[in-house]
């Protein structure tokens, strides 16, 4: 069996630098080529990344078309802007190369359906680039959620992912340009909030959602949300709320509550720098004895040894390693397509609600079908 999955990067986006290093550290991956519409840009990208995380053989700069024609590329990471990504995912699948797709996967679920159909038709593996899905913190969190004692019966999920963008970002960054990133903060940040809620719920879809675009205050059909909030209503009286924003200080927290306790994660997307990833369990107790009314905290920190980034065990490296292993072993788990699809379906419903003055949008059983 081949020991290295041979990669190409289609689009020299800034986030690709992180995955370049992840490919270098994965142990079962080799980067062969980087494509850009501007070959000089690809050459500069390669030179800068090679200086920091060098591959034994320097990757080649090429065009998009040349990358897809290369017989020595098994998998392609595609960080192109969301608005132009779907046709390139389809062309990559048609070239029978496996697809690691940046998020949000598509402008809408209908386009994602076409992308996933192309991958299924040509028997290629598809995964979206949500790095936290590959952190060892998630198995820890699942054990605590399912033990029946830490949280008890699940009732509530809250999360926020936001950063306060500078004026120049809000004026010209591609993430506020409707042709390139039509989903704005909802796609760039809210994808993570929705994914976490779905993961906690073991991918059971909400029965209905309510979304609100908080800014800009006046919306048109193609306006990019800069600030968004939503409520998700699941069966068994479980609710989830999330907030994502380009105009609020940097935060990336999640709080999961039940009948016996709660779990707090302060960095669920990008772990704070260090050698551990952690979460905090809280089971407070209100004790009244005579005239003394005491709120007792009863909190406990749980952690696993895992570097935040740029090390062999970091979540982004695990993502590349796991994807490469699926290719090398020939075991293409369809769950990754299903997860991406459900995330997009919920995102679409939230946006549809927001653009209809916050009217609830129901998700029926057919919503989960690809």
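Results for (1) assigned by TED's automatic domain parsing to the domain that holds residue 197; (2) touching a helix residue (DSSP H, G or I) at 6+ places or on another chain (Cβ under 8 Å); (3) modelled with pLDDT of 95 or more, shown as yes or no for each residue.
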site: 263; (1), (2), (3): yes, yes, yes
site: 267; (1), (2), (3): yes, no, yes
site: 274; (1), (2), (3): yes, no, yes
site: 281; (1), (2), (3): yes, yes, yes
site: 306; (1), (2), (3): yes, yes, yes
site: 327; (1), (2), (3): no, no, yes
site: 343; (1), (2), (3): yes, yes, yes
site: 355; (1), (2), (3): yes, no, no
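Counting only residues that are part of a helix (DSSP H, G or I) and touching a strand residue (DSSP E or B) at 6+ places or on another chain (Cβ under 9 Å), region 45-61 holds 3 of them. Could you check how many residues of region 62-79 are out of contact with any helix residue (DSSP H, G or I) (no Cβ under 6 Å at 6 or more places or on another chain), in contact (Cβ under 8 Å) with a residue 24 or more places away in the chain and assigned to a loop (DSSP other than H, G, I, E, B)? Selection size over region 62-79: 4.
Of all the residues in region 243-272, those that are within 23 Å of residue 136 (Cα to Cα) and touching a strand residue (DSSP E or B) at 6+ places or on another chain (Cβ under 8 Å) number 19.
Given the residues 12, 33, 16, which is the only one that is buried (at least 17 other Cβ atoms within 10 Å of the Cβ) and in a loop (DSSP other than H, G, I, E, B)? It would help to see each step written out before you state the result.
Values: 33 fails: in a loop (DSSP other than H, G, I, E, B); 16 fails: in a loop (DSSP other than H, G, I, E, B).
One residue alone meets the criteria, 12.
For region 113-152, a residue qualifies if it is in contact (Cβ under 8 Å) with a residue 60 or more places away in the chain and part of a loop (DSSP other than H, G, I, E, B), and the qualifying residues are 123, 124, 125, 129, 130, 135, 136, 149, 150, 151, 152.
If you check residue 168 against the conditions, is it in a helix (DSSP H, G or I), in the same structural domain as residue 243 (by TED's automatic domain parsing) and over 19 Å from residue 270 (Cα atoms)? Here the answer is yes, as residue 168 does meet what is asked.
When region 81-97 is filtered for residues that are crowded, with 22+ Cβ neighbours inside 10 Å, in contact (Cβ under 8 Å) with a residue 60 or more places away in the chain and within 18 Å of the chain's Cα centre (by Cα), only 82 remains.
Does residue 99 satisfy the condition of being closer than 22 Å to residue 328 by Cβ, in a strand (DSSP E or B), touching a strand residue (DSSP E or B) at 6+ places or on another chain (Cβ under 6 Å) and at pLDDT 95 or above? Answer is yes for this residue.
The values are calculated or read from the model by the stated rules, or taken from the named source; none is laboratory data. Please read these numbers as outputs of a predicted model, since none were measured by experiment. Ideal geometry is used to build each Cβ from the backbone, glycine not excepted, and the neighbour counts take in all protein chains shown.
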